[in-house]
Amino acid sequence: MILTDVMHPKSSSSTANGAAADSESAPARPAGARVRVIREGVASYLPDIDPEETGEWLESFDEMLDREGPGRARYLMLRLLERAGERHVAIPALTSTDYVNTIPTENEPWFPGDEEVERRYRAWIRWNAAVMVHRAQRPGIGVGGHISTYASSAAMYEVGFNHFFRGKDHSGGGDQIFIQGHASPGVYARAYLEGRLTEDQLDGFRQEYSHGGPGRGLSSYPHPRLMPDFWEFPTVSMGLGPMNAIYQARFNHYLHDRGIKDTSDQHVWAFLGDGEMDEPESRGLIQVAANEALDNLTFVINCNLQRLDGPVRGNGKIIQELESFFRGAGWNVIKVIWGREWDALLSADRDGALVNLMNSTPDGDYQTYKANDGAYVREHFFGRDPRTKELVKGLSDQQIWNLKRGGHDYRKIYAAYAAALAHQGQPTVILAKTIKGYGLGKHFEARNATHQMKKMTLEDLKAFRDVQRIPITDEQLEADPYLPPYYHPGKDDPAIQYMLDRRRTLGGFLPERRSAAKPLQLPGDEPYRSVRKGSGKQNVATTMAFVRLMKELLRDKEIGKRIVPIIPDEARTFGMDSWFPSLKIYNRNGQLYTSVDAELMLAYKESQVGQILHEGINEAGSTASYTAVGTSYATHGEPMIPLYIFYSMFGFQRTGDGLWAAADQLARGFILGATAGRTTLTGEGLQHNDGHSLLLASTNPAFVAYDPAFSFEIAHIVRDGLRRMYGGGAPAPDSTVLPGTRPQMANDTFGGENISYYITMYNEPYPQPAEPDDLDIEGLLKGIYLYKRGGEGEVRAQLLVSGVTVPDGLRAQELLASEWGVQADVWSVTSFSELRKEALAKEIAALREPGTDPGVPYVTQALSRAEGPFVAASDWLRAVQDQIRKWVPGDYVTLGTDGFGFSDTRPAARRVFNVDAQSIVVAALQALARAGKVDQAKVAEAATRYRIGDVDAAEKSTNTEDQPA
Ligand SMILES: Cc1ncc(C[n+]2csc(CCOP(=O)(O)OP(=O)(O)O)c2C)c(N)n1
Ligand SMILES: [Mg+2]
């Protein structure tokens, strides 16, 4: 027996010497010599302690190879590797396996459902999904949709819905399902059969506002914001689903480990496209799931080998590539490539010829086979090797055509899902091979154009109806080819009853979104007291003031434990390292090493019950983390308060799309753009200096952006943010859409507003003043208030400054008074964008109801009693200040930091951009001169005196206190 010879080479008749004489064999090496073992490019150096024995093994191998051929040799090698693994011999893992199913047929579990019944209504869902999209193309509507994506993944969803995905009423709390965006038609079609959606609603697909009144139409893709009772997770921007699913699964553990909620019986499923896996975001964080051992997470990648334009990997094999990639990262990989029809062929494939063909056929060819027929497959696939040709000799062309792909085989999928759930210690990815446009007939299946095809010809419809066995007649289809009928057998139909029963057993319908938490009991004045007092003479940056405030809030009994700091490796920059030992950094594995700074007060402390989510240098993952934490009030019914603090430049600019999805998902929380400003980050330069994130933030309608100057401003902003987001109350009307059209949730006990706060914070230290006694809190929160009135005088100007520029405004106020006889009032503009929003809301209201008086915009009201001109300056580009131009009652001049940042001292940078105190003075004098209130000559005199065109004339920096990273 060859196997015996290999396993027990010493009993073999061949000798080590013989092997050594063979030029094909490795020569014997002296004891202790190192053998270079290379497999899959992994090299290790091992000493050979028994060269004689090694020789015998090699000789046995050679002999077997000569006698039995490479197929057998390959088998034995793999079998040996398998045995080594079984016996716990540590060897580097192979990252790829043959192009066959990972789960052998004999290991497939018993299928508990009634496959025939499930097949029946799966066909109805397929039909209704396609018909819904087709009908959305009717004349006068023509809003499109996708048919082929769901057609390829129907079986994968249905196995899940019928047997795995648990609804919100399940005792474990239910699963979280990320549905591939373009598969939404299938999900609607199922909801229709379930009685959750009406036929009329299906006809409102993609007509979210115009069809049948607000909230009756169906959103194109999974958009919780547009269908807040239905969709939970937005996915359609490719690559965000994978990241968000990973961080959702990690957050589930976090909640559990911190004792906030038992999530041990909740699973996260993410359905993804194979084309989608080319997004860096799709693959870029899979190591997080492996490192965190997220066995509560399963990716199901629908490998239909196609994306929008054509094949994903025409020349290669996407399934094999993804297998290596995921396994290399530490995932459990389950390939579901072939349907049960192949089982017999594979077991008859004694010499591995079929597997060899499977291994060596590129995806582009697999796609072409499925766009042809059985005869084509016989000739071009099986015909490539006489042994495989022989293998299918007894099969008709039709039988060959019926050899299905694994992703369409119910039982294979069931087996994969069951294995994924049973697997411990690793996340699982299921790579399921399918056909894009499956079941839709020749014009759709595996065609390059299939993704974009939105309607079917009459012939397509008839053929599709036949294949799916839908009881609809030719006459019905011919009656109006734009409106083929939906099919629903009525809720008493046994198949529908079965379907509903499955969902009842599994804990209710899915997808479903709830917002059933109770509003939080928010703290009173106490935590805010100290930051409102200011810092006296001490120089304190607003970032520090914020950290200080948080320290107080973290002590609060009710909300303290719900605050979740999310930090992408900048805690030290922002002075949050003091939180490490007290709050600790969450790590599922705790801390398995001795921290180098263990002896220090501020030791780096990881813990299984840590409160901080320290995400490493990973803004994309932090954004996903923010999304999971900020939607916990809905997803888990446990309101959590994310504080995601980042380098402001690497927030909206880098991960704007993730934040957009967070907004879609109705995330709430605080995002803190630290080290903000174009000129404050001395020494960092062009890539770091942020003068525009406030503008970017203003493009996201869910974000309320503030640019506070002082710690007491921060106190009021944070307090109001907590009230609006976590304190209950009615949602504010959405002025961006027609009144009354905003979709509302049927059951929303949590209340409050679906917004996030973006607060910019600086690292420039200056004394934080105490809160003025007569502080205009309303103005502060609305976006502008008078901070410091100028003295009495004839000639007046208004300085509108924000954030770190407020101290410059105050200095300009002094200079104007002392050197030019001009009295200036200084306004702190906490939010140009909020002022703009409010004014726009009034304008749009006036447009919609001509003749009614919507009132004067707040900013106009606030400034109406002030005597212009108005000069606005900030550390942000002018477009930020220009947001309110239209409503400023008088001459309005803006100064800003347009252009790339650079590294220099702060005074130098401010001079270069002309946003320093002296530049503000000159701008004010110039505006006054225009109004005839100041002599033109004074303007030139001031410009000359301050040399505002000369960077060398800028003040010298006195700052030595802060060092950004
Ligand atoms: C970030 C992003 N880029 C582009 C698109 C446009 N788009 C939508 S679907 C699609 C192809 C999807 O292919 P695949 O992921 O393989 O899914 P399939 O439909 O084949 O299941 C593309 C390019 C998108 N939705 N998101
Ligand atoms: Mg695809």
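The values are calculated or read from the model by the stated rules, or taken from the named source; none is laboratory data. Note that the structure is predicted; figures quoted are calculated from it, not measured. Here Cβ is always computed from backbone atoms with ideal geometry, including for glycine, and neighbour counts include all displayed protein chains.
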Looking only at region 83-134, filter to residues that are β-branched (Val, Ile, Thr) and free of Cβ contacts under 8 Å to residues at least 60 places away in the same chain; which one of those is farthest from Asn332 (Cα to Cα)? Val89
Got a sec? Which of Gly803, Gly821, Gly793 is in the same structural domain as Asp935 (by the TED database) and surrounded by 21 or more Cβ atoms within 10 Å (Cβ to Cβ)? Gly803
Take Leu322 and tell me if it is under 30 Å from Ile147 (Cα atoms), surrounded by fewer than 17 Cβ atoms within 10 Å (Cβ to Cβ) and within 16 Å of ligand 1 (Cβ to nearest atom). no
Per the filter on region 924-944, residues within 11 Å of Asp891 (Cβ to Cβ) and either among the basic types (Lys, Arg) or in contact with a Cys (Cβ under 7 Å, 6 or more places away or on another chain) (or both) are Arg930, Lys933
Given the conditions (1) away from ligand 2 (no atom under 16 Å from the Cβ); (2) modelled with pLDDT of 95 or more; (3) more than 27 Å from Glu619 (Cβ to Cβ); (4) assigned to a helix (DSSP H, G or I), which single one is not true for Ile334? (4)
Out of Pro889, Pro869, Pro850, sole residue that is over 39 Å from the mean Cα position of the chain (by Cα) and over 21 Å from Leu928 (Cβ atoms): Pro850
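Please state which one of Ala155, Ala123, Ala93, Ala136 is among the hydrophobic types (A, V, I, L, M, F, W, C), farther than 24 Å from Ala661 by Cα and within 16 Å of ligand 1 (Cβ to nearest atom).
Result of the check over Ala155, Ala123, Ala93, Ala136: Ala155.
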Here is a list of conditions, (1) under 22 Å from Tyr766 (Cβ atoms); (2) touching a His at 6+ places or on another chain (Cβ under 9 Å), and Leu877 meets all of them except one; can you say which number that is? (1)
Within region 220-238, does at least one residue satisfy the condition of being touching a Phe, Trp or Tyr at 6+ places or on another chain (Cβ under 8 Å), within 16 Å of ligand 2 (Cβ to nearest atom), part of a loop (DSSP other than H, G, I, E, B) and not hydroxyl-bearing (Ser, Thr, Tyr)? yes
So which residues in region 891-928 are in a loop (DSSP other than H, G, I, E, B), under 30 Å from Gln861 (Cα atoms), in contact (Cβ under 8 Å) with a residue 60 or more places away in the chain and not acidic (Asp, Glu), if there are any at all? Gly896, Thr897, Val915
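Residue-wise test of (1) in a loop (DSSP other than H, G, I, E, B); (2) among the β-branched types (Val, Ile, Thr); (3) in contact with a Phe, Trp or Tyr (Cβ under 8 Å, 6 or more places away or on another chain); (4) touching a residue at least 40 places away in the same chain (Cβ under 8 Å).
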site	(1), (2), (3), (4)
Gly241	no, no, yes, yes
Ile246	no, yes, no, yes
Ala249	no, no, no, yes
Asn252	no, no, no, yes
Thr263	yes, yes, no, yes
Restricting to region 363-377, and then to whatever is charged (D, E, K, R) and in a helix (DSSP H, G or I), can you tell me which residue is nearest to Arg307 (Cα to Cα)? Asp363
Restricting to region 553-568, what's the tally of residues that are crowded, with 19+ Cβ neighbours inside 10 Å and part of a helix (DSSP H, G or I)? 3
What number of residues within region 131-164 are of a type in the set (Phe, Trp, Tyr) and touching a Pro at 6+ places or on another chain (Cβ under 9 Å)? 1
Can you pull out every residue in region 501-517 that is touching a residue at least 40 places away in the same chain (Cβ under 8 Å) and part of a helix (DSSP H, G or I)? Arg502, Arg503
Here are some residues: Tyr482, Tyr498. Which one is in contact (Cβ under 8 Å) with a residue 40 or more places away in the chain, outside any helix (DSSP H, G or I) and among the hydroxyl-bearing types (Ser, Thr, Tyr)? Tyr482
Can you tell me how many residues within region 468-479 are in a helix (DSSP H, G or I) and in contact (Cβ under 8 Å) with a residue 40 or more places away in the chain? 1
By residue number, the members of region 239-254 that are under 12 Å from Trp269 (Cα atoms), of a type in the set (Gly, Ala, Ser) and within 16 Å of ligand 2 (Cβ to nearest atom) are Gly241
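Yes or no, residue by residue, for (1) in the same structural domain as Tyr487 (by the TED database); (2) within 16 Å of ligand 2 (Cβ to nearest atom); (3) touching a His at 6+ places or on another chain (Cβ under 7 Å):
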| position | (1), (2), (3) |
| --- | --- |
| Tyr121 | yes, no, no |
| Val133 | yes, no, yes |
| Pro139 | yes, no, no |
| Ile147 | yes, yes, no |
| Ser152 | yes, yes, no |
| Glu158 | yes, no, no |
| Phe161 | yes, no, no |
| Phe164 | yes, no, no |
| Gly167 | yes, no, no |
On the basis of being more than 15 Å from ligand 1 (Cβ to nearest atom), of a type in the set (S, T, N, Q), assigned to a helix (DSSP H, G or I) and in contact with a Gly (Cβ under 8 Å, 6 or more places away or on another chain), does Asn356 make the cut? yes
For region 301-319: of the residues being within 11 Å of ligand 1 (Cβ to nearest atom) and among the β-branched types (Val, Ile, Thr), which is surrounded by the most Cβ atoms within 10 Å (Cβ to Cβ)? Ile301
Pro242 over 23 Å from Ala702 (Cβ atoms), within 16 Å of ligand 1 (Cβ to nearest atom) and not assigned by the TED database to the domain that holds Glu619: no
Do we have any residue at all in region 609-617 that's in contact (Cβ under 8 Å) with a residue 60 or more places away in the chain and surrounded by 24 or more Cβ atoms within 10 Å (Cβ to Cβ)? yes
